[in-house]
Amino acid sequence: MSSSSSQQSDSKKSTKGSFSWWQLSLFGLGTTIGTGFLLGSSLAIEKSGFSIILIILIAAVGTYFVFQALAGMIAEHPEKGSFRTYSRQAFGHWAGFSHGWVYWSSEMLILGSQLYLTALVT
């Protein structure tokens with residue numbers, strides 16, 4: 001009986017801390033997507049029915065095209081910064097500046113709603 005308990009403690013020791021940095025990054029990304037997207041979708045489906053799935057698919061197609069365009073710009077002109085760098089180059093300093101701040105403020109609003117929904121569920 002003591003040998004089985006020592007084997008269990010050895011297996012626990014071997015699995016502790018076995019995640020690499022990219023696995024932890026994907027875990028963090030998955031929890032963020034799960035909190036924001038899936039919980040919000042379930043609330044929308046509850047309120048409006050399954051017709052919301054069509055709207056989500058249309059938004060997914062639009063998002064795909066935006067990210068394909070962004071990937072094309074990054075491949076053509078790799079520069080330090082985010083998409084605000086490309087809007088600054090195309091439309092001027094104030095467009096890049098405002099684009100960056102609008103993105104930051106939207107991320108802060110999304111973070112607040114995710115924390116609020118997490119508090120509601122738990």
Backbone N within segment 103-122 under 18 Å of label point (7 Å from Glu46 Cα along the Cβ vector): 113-122
What distance in nm separates the simple spin-label points at Met108 and Gln23, each placed 7 Å from Cα in the Cβ direction? 3.6
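Using the count of nearby Cβ atoms within 10 Å as a rough guide to exposure, how do Ile74, Ile58 rank from fewest to most? Display every interim value, and only then the final one.
Details: Ile74 14, Ile58 10.
Fewest-to-most Cβ neighbours within 10 Å comes out as Ile58, Ile74.
Only the coordinates and a few stated rules stand behind these numbers; no lab work does. None of these values were measured; they are calculated from a predicted model. All Cβ positions, glycine included, derive from the backbone under ideal geometry; neighbour counts span all protein chains shown.
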